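Report on the structure given below.
What follows is calculated from the coordinates using simple rules that are stated; it is not laboratory data. These numbers were taken from a predicted model, which means no experiment stands behind them. Note that each Cβ is placed from the backbone with ideal geometry, even for glycine, and that neighbours are counted across all protein chains shown.
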Amino acid sequence: MASSKPFHVVTPLRVSPHLSKLAGTKVYLKLENSQPTGSFKIRGIGNFCKVMAEKGSKEFVSASAGNAGLATAYCAKLLEIPATIYVPQSTPAFTVERMKDEGATVCFGQTLDECKNKAQEMVKKNSDWTFVPPFGDPLISEGHKTMVAEMKEQMESKPGVIVLSVGGGGMLCGVIQGLREAGWDDVPIIAMETWGAHSFHASLKQGELVTLPKITSIATTLGAATVAEEALKLAQEHCVISQVVTDPEAVAGIPRFLDAEKILVEPACGASLAVIYSGLIKTLQKECKLPRDLESMVIIVCGGNNITLEELDRLKDELCMNHRMKEYVECKVALAKWNHASNSGTFTASLQKSLGACGH
Ligand code: PLV
């Protein structure tokens, strides 16, 4: 039965000497990875499920890339309400297993959008069932807002900037609303995404919602083809610096962060860490988008379940293969051009060497 206590816990906020040294400013980590379901998602989803249970919902049906679904399964179990979670095929087996361990039924779709359609169809047929969205509901923002209220309690003064990752923009909405309530309206936000999951960046640039034709990033939990309308609206009212990194940049910091902080995170979270590991913070300071004497920054360590050491190795291999393939194609194009120009049809030693270096 629903209790008055929230499902999320108050997470630690602590300084990272390792990242502070690299950034040249005091870096705080808001450790959302320490939530019971391994990511910040439980804050918003927990609030949503609690309210829906009070309204008499008899079953939860969610569509998620992993973390929102696990949060739904966890809350449903505590509320003694059955849950069905639709996940894209790309969701790792160990995340699916964790959802099942919480008692949920797991079904599959090709993409997150397909999962959403299937889940909503199921709910339409049952009037007392509830669709639990991964983002984009005021009750979800309401839950995510608590992160900022906690920061206010935990910090002596307001942060110079907050770094967070954007998928559908639920966390962004909650943080902006939380900043308003805390009287920290002037704290800028760096909103991080990866190319191939950059629907927020594209929308902000265009000034209207943009739908990506396909999610191609390996940061699958940032893979919302379209962000929530509210996220774009709030971002247009607040100082939000939208930045996009490559998949290799999002992954490169993960082992370094693990070594230094003993915390293993998903690429979705690696995108936020790339602000420091890829030197973005210094570029933003040089471009005067952030003050040079930045007093402090908070990185929301959003966490995530779609990662293990084995999965990290697999991702690194996949990225390396993609990189090699790109180099191979570039070499082939150069070769075709050369052949065309010389009309000799023979391989040059140097091009052969280049192709060899690409592993072909
Ligand atoms: N993940 C959602 C939506 O995916 C999901 O279904 O789990 N960091 C992590 C670890 C996340 O799991 C997510 C969202 C985000 C960041 C981005 O949060 P959002 O969607 O509120 O911007 C597509």
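For Ile190, the residues whose modelled amide H falls within less than 5 Å of its own, excluding neighbours fewer than 5 places apart on the same chain, are Ile162, Val163, Leu164, Ile241.
Per-residue Karplus couplings for the range 82-90, computed as 6.51 cos²θ - 1.76 cosθ + 1.60 with θ equal to phi - 60°, are listed in order as x, 9, 10, 10, 8, 10, x, 3, 6 Hz, Gly and Pro entered as x.
For Lys100, a cut-off of 22 angstrom between C-alpha atoms picks up these lysines, skipping any fewer than 8 places away in its own chain: Lys41, Lys50, Lys58, Lys77, Lys116, Lys118. Which one of Ile42, Ala252, Pro82 is farthest out on the positive end of the charge dipole of the chain, using unit charges on Cβ (Lys, Arg +1; Asp, Glu -1) and the Cα centre as origin? The listed residue farthest towards the positive side: Ala252. Sequence-ordered 3J(HN,Hα) estimates for the range 32-48 from the Karplus curve with 6.51, -1.76 and 1.60 and θ = phi - 60° stand at 6, 5, 8, 5, x, 10, x, 8, 4, 3, 4, 4, x, 5, x, 5, 4 Hz, glycine and proline given as x.
Within the chain, all pairs of alpha-carbon atoms sorted by distance into 10 Å bins from zero give the percentages 5, 24, 32, 22, 10, 5, 2, 0.
Where only DSSP H runs of four or more residues are counted, the chain gives -15500 deg cm²/dmol as its mean residue ellipticity at 222 nm, each run worth -39500 (n - 2.57).
Shape class of the range 42-136 from the alpha-carbon gyration tensor: oblate, with a/c at 1.5 or above and b/c at least as large as a/b. As a proxy for reagent exposure, ranking Ile263, Ile241, Ile85, Ile300 by other Cβ atoms within 10 Å from fewest up yields Ile263, Ile241, Ile300, Ile85. Residues whose amide H comes within less than 5 Å of that of Phe108, counting only those at least five positions distant or on another chain, are Val87 (H built at 1.01 Å from N in the peptide plane). Taking the centroid of alpha carbons for each part, the range 90-160 and the range 1-65 are 11 Å apart. Sequentially through the range 286-298, phi angles give Karplus couplings (6.51, -1.76, 1.60; θ = phi - 60°) of 4, 7, 6, 7, 9, x, 5, 9, 3, 6, 6, 9, 10 Hz, Gly and Pro residues having no value and appearing as x. Sort the range 154-271 into rounded, prolate or oblate with this rule: let a ≥ b ≥ c be the square roots of the eigenvalues of the Cα gyration tensor; rounded if a/c is under 1.5, and if a/c is not under 1.5, prolate when a/b is larger than b/c, oblate otherwise. It comes out oblate by the Cα gyration axes.
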